[in-house]
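The values are calculated or read from the model by the stated rules, or taken from the named source; none is laboratory data. All of these numbers come straight from a predicted model, not from anything done at the bench. Positions of Cβ are backbone-derived with ideal geometry, glycine not excepted, and every protein chain shown enters the neighbour counts. Quick note on the areas: whole protein, heavy atoms, side chains included, nothing else; ligands and nucleic acids left out. Shrake-Rupley method; radii C 1.70, N 1.55, O 1.52, S 1.80 Å.
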Amino acid sequence: MSSTTLSALLARLMPYDVYERHAVTSRLLTMALGHLDVAHVLDVGGRAELLARFLPWPVTSVNVDGSGRLWGSGLALPFADGAFAAVVSIDTLEHLPGERRESFLRECLRVAQSHVLVAAPFGSAGHSAYEARLDELYRAAHGAPHPYLAEHVQYGLPGSAEIDYWAETLPAARVRRFFAGDYVWQGKQFERTIRQPHRTGLLARLAGVYADVTSRALFHPIRLREQASATTNRFYLLIQKG
């Protein structure tokens, strides 16, 4: 078995949600930049080395929480115009107030030479309502808000109208939309993790192991679509600079 094959197999052992967003990002960026032998990618809001596992090009990650290779805010990136072939931001927009999201996207476009790829939970009415319920469930179980979910609820998930607005106003030659995941299935997985610490006994522990194993990407093929479904979990916006 080659090292590349082994790396791909190990990646499939990640939780589906983590694997999907990075594997789809790799697929779409390869489609956009596949003609380039050398490309440097900026990952805004990403963890050090994570996206690099999925891409054939070097990746620099910046984050305000210290988990990236460099510290940096997506609202004021410390790089020159066009410093990177492409800029990626995965699950960051939903942690920004709505009025700052366009500025964030424009800043990503500023430092990109050709493409920006943005992914975030898709804010359909059903998805937003489900996340609000999960937030209440987590607070009741733990006595404190979940560090990420609470911001999803506070700031709201980007929905169709907001995506339409960006497509119309950003300086882009082309904007393509893709959708993947199922918020109902993924929400139920999260519910199990919330409830599990309060359950005891052998059957409960076995159920926890089963839920963990079956949540891995190995058991869930990615279905990438160009139209949202009723239970879409995440959107991917591939923006080509104008």
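Please go through the range 117-171 and write out the chymotrypsin sites (Phe, Trp or Tyr not before Pro) that DSSP classes as loop and that have at most 12 other C-beta atoms within 10 Å. Before the final figure, lay out the partial values.
Numbers: sites: 122, 130, 138, 148, 155, 165, 166; in loops: 122, 148.
Here the sparse-neighbourhood loop sites are 148.
For residue 100 and residue 64 in the same chain, what is the full-extension length gain: residue separation times 0.36 nm, less their Cα-Cα distance, in nm? Before the final figure, lay out each step's value.
On the way: separation 36, 0.36 × 36 = 12.96 nm, distance 1.54 nm.
Using 0.36 nm per residue and subtracting the Cα-Cα distance, I get 11.4 nm.
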Quick check: at a probe of 1.4 Å, how many percent of the accessible area of the range 21-96 sits on carbon and sulfur atoms? 56
Please compute the per residue accessible area over the chain with all protein chains in place, 1.4 Å probe, rounded to a whole number of Å². 50
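Between residue 75 and residue 192, how high is the FRET efficiency from 1/(1 + (r/R0)^6) when r is the Cβ-Cβ distance and R₀ = 35 Å? Nearest 0.05.
Result of the calculation: an efficiency of 0.45.
If exposed means no more than 16 neighbouring beta carbons inside 10 Å and the site is in a DSSP loop, what's the longest run of the chain without any exposed GluC sites (Glu not before Pro)?
Numbers: sites that count: 49, 226.
No qualifying site falls inside 50-225, the longest such stretch.
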Report the full-extension gain for the segment residue 165 to residue 139: residue separation times 0.36 nm, less the Cα-Cα distance, to one decimal in nm. 6.0 nm
Sticking with the crude label model, points 7 Å out along Cα→Cβ, report the distance from residue 38 to residue 229 in nm, one decimal please. 4.3
With runs of 4+ DSSP H residues as the only contributors, calculate the mean residue ellipticity of the chain at 222 nm using -39,500 (n - 2.57) per run, divided by the residue total and rounded to the nearest 500. -13500 deg cm²/dmol
